[in-house]
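Accompanying notes for the structure given below.
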6 protein chains.
Amino acid sequence: MYTVCVRDHMMIAHSLAGEVFGPAQHLHGSTYVVDVEFRRRTLDAHGIVVDIGLAGETLKSTLAALNYRNLDTERDFSGSNTTTEFLARTLFERIAAAIRSGKLGPAALAVESLRVTLHESHIAWAAFEGEISAT
Amino acid sequence: MYTVCVRDHMMIAHSLAGEVFGPAQHLHGSTYVVDVEFRRRTLDAHGIVVDIGLAGETLKSTLAALNYRNLDTERDFSGSNTTTEFLARTLFERIAAAIRSGKLGPAALAVESLRVTLHESHIAWAAFEGEISAT
Amino acid sequence: MYTVCVRDHMMIAHSLAGEVFGPAQHLHGSTYVVDVEFRRRTLDAHGIVVDIGLAGETLKSTLAALNYRNLDTERDFSGSNTTTEFLARTLFERIAAAIRSGKLGPAALAVESLRVTLHESHIAWAAFEGEISAT
Amino acid sequence: MYTVCVRDHMMIAHSLAGEVFGPAQHLHGSTYVVDVEFRRRTLDAHGIVVDIGLAGETLKSTLAALNYRNLDTERDFSGSNTTTEFLARTLFERIAAAIRSGKLGPAALAVESLRVTLHESHIAWAAFEGEISAT
Amino acid sequence: MYTVCVRDHMMIAHSLAGEVFGPAQHLHGSTYVVDVEFRRRTLDAHGIVVDIGLAGETLKSTLAALNYRNLDTERDFSGSNTTTEFLARTLFERIAAAIRSGKLGPAALAVESLRVTLHESHIAWAAFEGEISAT
Amino acid sequence: MYTVCVRDHMMIAHSLAGEVFGPAQHLHGSTYVVDVEFRRRTLDAHGIVVDIGLAGETLKSTLAALNYRNLDTERDFSGSNTTTEFLARTLFERIAAAIRSGKLGPAALAVESLRVTLHESHIAWAAFEGEISAT
């Protein structure tokens, strides 16, 4: 299995509902350093998993929709806790949709699975991984 | 699959028996920067894999039982080589037991598997991963 | 010159006033991974720059006053842009005051200067450094 | 499953054929920081996955065959794009062959799979992983 | 003293003349992860050292003039060994010139000194630092 | 000012005398990832600060004298607490002596100062820096 990974980041504000979150129930924020791994069993005719330029641009534009925002006021997330786990899944689904829509080019349609990791500090991260067709 | 990871460290002395270990047969020591990954297929009602506060406390207390020790004199390890691999397995079993005993809360009982990684330097690490029920 | 450094982090929300900040004028947030360096010319009788346990606790309690907060509503920062640079200076002054007040122990009074670095992502950081007596 | 990982690096020049590579069609170069993970289900009699000294030497000698070279003039790669993905696979096959030939010692014959990761910058990496017997 | 740092990278081919360079006399290549630190004693009216957006763009455009190139054929470097040290100085001078020419805005004219660091692997880096007016 | 840095590591056991050290009074151990920075104002005729190959070898041989040892039984350290700070100074003096004795070659005699940093975990490090002639 081949994997290619690109990294970028976003800086958001949010709060989390539930006593389990302790002080994180207050409005606070986070830098998420985001890794997206693209996986497939064989390389394309150029010897690559995905056009890394398009992969980076797709990650950047996907993050741009959330970057510099207060997630508590985003309609898409109304009623949801925007935990790191939840955001990893959200980014997974949006990038998977971009691949299926052809935004990463025809060769990227052979990408089988993705793993999206959000590093929230030097001591904690969360990830979501899955098959692209399974979303 | 969702993953949440927390990081902490311990500083131990030990020696390793067997010519394969070369100079590491002498009493020496290591800082182990330890990552514990908690994995499950679905999130709980709060949108999390595990209470990250309890996860961090469990890791800290698990490491505290070994931290600042000479592992050569620990009864639990009598007759064993405390290699990085062995210690990864040891921490895996202790954290899995903590989950099963409810120390990470009822929602954590849904955690399916763990991966424990011990970074021993900037150029080497070892890990053990497995199903929680399989231990 | 000897230096000892300890690391911790905080997660805050804020916004920044001024067109120069572009999208960061919106309410957003940041994880700051914070390094504090303590510097002195000679070691104390125990062979250390500072009691690293007290140094870590001081850093943690200093960050706790800001952690999980929306800095836009903190009275201390009313009328100020809480830029990374500004926060580095703020933490510098608070930790210098803690040293002068004896919270890090009598030996720490010999610490001559501090450097406080806030890593805001994998591609950007800011720092403030200065003499302790000069603050 | 146990994993042991060792890290080293190489510095090569190359160019990549195809419009998809944009400016990387020009002769340029890269530092690849290379991680090799060795995996097996059980430890050997010494409590290890592999002799980490031999693992490191094997990685170094495998990289030495490519290090400080212009890959465009290497016969082995004639007609191939030496993408990061391709090089990950190449190193995988060479290290797998070294294991099968006994260069890592008899105990290493129990290694089941490998993962080879090439970090090409702070924001991109590629990997190849597979069963050793499947190569 | 305040510091702000931004990071980017470039990927170049080159060779180095002189027996001291051993195998690096061959045409090879390197990824340089580049940190540029901007330093000044006081903040501007917005509470910043420099417009970090302009700082990042200036770094990117400065690197673009070398990125994906074979430095052995660059006229600017004819007769020079493009060592990591030499490249750190070159980038220092180009970014200092950009500041003096106003490309980072009027407030950046108060930046007093720069430090440019090129990380060439996980185990080696080189830097050049100096006053801006002293170049 | 130019700087070149090389990195290596050592793994030692020791204990520290004094209540200030808490649990570190017990025999324990540490991995020290060691950075040595070589500094000078001008480059030599080859465009370098120091022969990086000799610098790396000197660091490795300097660490080899301590690596895989119990520092509590080393005569050189009898009566001293082998704190991270103390070890940074020790390595500084030994590498400075190697430079003065010509082990890094004649060009390295122009190195003016050194900084030795010992990373003991992901959240703590210590360093010693000074003029070479001043030791």
Worksheet item: Only one of these conditions is not met by F:ASN81: (1) open to solvent by less than 50 Å² (accessible area, probe 1.4 Å); (2) within 12 Å of the chain's Cα centre (by Cα). Which number is it?
Response: (2)
Response to the item:
Residues of the stretch E:102-114 being open to solvent by less than 70 Å² (accessible area, probe 1.4 Å), in contact with a helix residue (DSSP H, G or I) (Cβ under 8 Å, 6 or more places away or on another chain) and not in a helix (DSSP H, G or I), in sequence order, are E:GLY102, E:LEU104, E:GLY105, E:VAL111, E:LEU114
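Go over the candidates F:ILE123, F:ILE99, F:ILE52, F:ILE48 one by one and state the one that is open to solvent by 40 Å² or more (accessible area, probe 1.4 Å), closer than 24 Å to E:ASN81 by Cα and hydrophobic (A, V, I, L, M, F, W, C).
F:ILE52
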Worksheet item: List the pairs whose first member sits in the stretch A:2-24 and is more than 14 Å from chain C (Cβ to nearest Cβ) and hydrophobic (A, V, I, L, M, F, W, C), whose second member is part of a strand (DSSP E or B) and surrounded by 24 or more Cβ atoms within 10 Å (Cβ to Cβ), and whose Cβ atoms are under 7 Å apart, counting only residues at least 6 apart or on separate chains?
Response: A:VAL4/A:PHE38; A:VAL4/D:ALA126
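Any residue in the stretch C:15-24 that is β-branched (Val, Ile, Thr) and closer than 23 Å to F:GLN25 by Cβ?
No, every residue in the stretch C:15-24 fails to be β-branched (Val, Ile, Thr) and closer than 23 Å to F:GLN25 by Cβ.
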Item to complete: With respect to D:LEU87, determine if the residue is in contact with a helix residue (DSSP H, G or I) (Cβ under 9 Å, 6 or more places away or on another chain), away from chain A (no Cβ under 14 Å) and surrounded by 17 or more Cβ atoms within 10 Å (Cβ to Cβ).
Response: no
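Here's the yes/no breakdown for (1) of a type in the set (A, V, I, L, M); (2) closer than 21 Å to B:ALA45 by Cα:
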{"position": "A:LEU27", "(1), (2)": "yes, yes"}
{"position": "A:THR42", "(1), (2)": "no, no"}
{"position": "A:ALA64", "(1), (2)": "yes, no"}
{"position": "A:PHE86", "(1), (2)": "no, yes"}
{"position": "A:ILE99", "(1), (2)": "yes, no"}
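Condition test on E:THR117, is it within 14 Å of chain D (Cβ to nearest Cβ), closer than 21 Å to C:ALA126 by Cα, in contact (Cβ under 8 Å) with a residue 40 or more places away in the chain and not hydrophobic (A, V, I, L, M, F, W, C)? Give the steps one after another, and end with the answer.
Details: within 14 Å of chain D (Cβ to nearest Cβ): yes; closer than 21 Å to C:ALA126 by Cα: yes; in contact (Cβ under 8 Å) with a residue 40 or more places away in the chain: yes; not hydrophobic (A, V, I, L, M, F, W, C): yes.
Answer is yes for this residue.
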Discussion item. Of everything in the stretch E:34-45, what is β-branched (Val, Ile, Thr) and open to solvent by 10 Å² or more (accessible area, probe 1.4 Å)? Give them in sequence order.
Written reply: E:THR42
Worksheet item: Which residues, counting only those in the stretch E:74-96, are more than 13 Å from E:TYR32 (Cβ to Cβ) and in a loop (DSSP other than H, G, I, E, B)?
Response: E:GLU74, E:SER78, E:GLY79, E:SER80, E:ASN81
Response to the item:
When every residue in the stretch D:29-71 that is assigned to a strand (DSSP E or B) and free of Cβ contacts under 8 Å to residues at least 60 places away in the same chain is compared, the one nearest to the other protein chains (Cβ to nearest Cβ) is D:GLY29
Discussion item. Looking at the stretch F:72-83 only, could you name the residues that are touching a residue at least 60 places away in the same chain (Cβ under 8 Å) and over 23 Å from B:MET10 (Cβ atoms)?
Written reply: none
Response to the item:
From the option list A:THR31, A:THR73, single residue qualifying as surrounded by fewer than 21 Cβ atoms within 10 Å (Cβ to Cβ), among the β-branched types (Val, Ile, Thr) and closer than 21 Å to C:HIS28 by Cα is A:THR73
Worksheet item: Taking the stretch B:1-28 as the search range and keeping residues that are small (Gly, Ala, Ser) and in a helix (DSSP H, G or I), which one is surrounded by the most Cβ atoms within 10 Å (Cβ to Cβ)?
Response: B:ALA24
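Being facing another protein chain (nearest Cβ under 10 Å) and either touching a Leu at 6+ places or on another chain (Cβ under 9 Å) or outside any loop (DSSP other than H, G, I, E, B) (or both) is the filter here; which residues of the stretch E:120-135 pass it? Spell out the reasoning first.
Going through the stretch E:120-135, the residues facing another protein chain (nearest Cβ under 10 Å) turn out to be E:120-130.
If the condition is that a residue be facing another protein chain (nearest Cβ under 10 Å) and either touching a Leu at 6+ places or on another chain (Cβ under 9 Å) or outside any loop (DSSP other than H, G, I, E, B) (or both), then E:GLU120, E:SER121, E:ALA124, E:TRP125, E:ALA126, E:ALA127, E:PHE128, E:GLU129, E:GLY130 are the ones that fit.
The values are calculated or read from the model by the stated rules, or taken from the named source; none is laboratory data. Since the structure is predicted, the reported quantities are computational estimates derived from the model, not experimental observations. As a convention, Cβ positions derive from the backbone with ideal geometry for all residues, glycine included, and neighbour counts pool all protein chains shown. These accessible areas exclude ligands, DNA and RNA; they are computed on the full protein's heavy atoms, side chains included. Shrake-Rupley method; radii C 1.70, N 1.55, O 1.52, S 1.80 Å.
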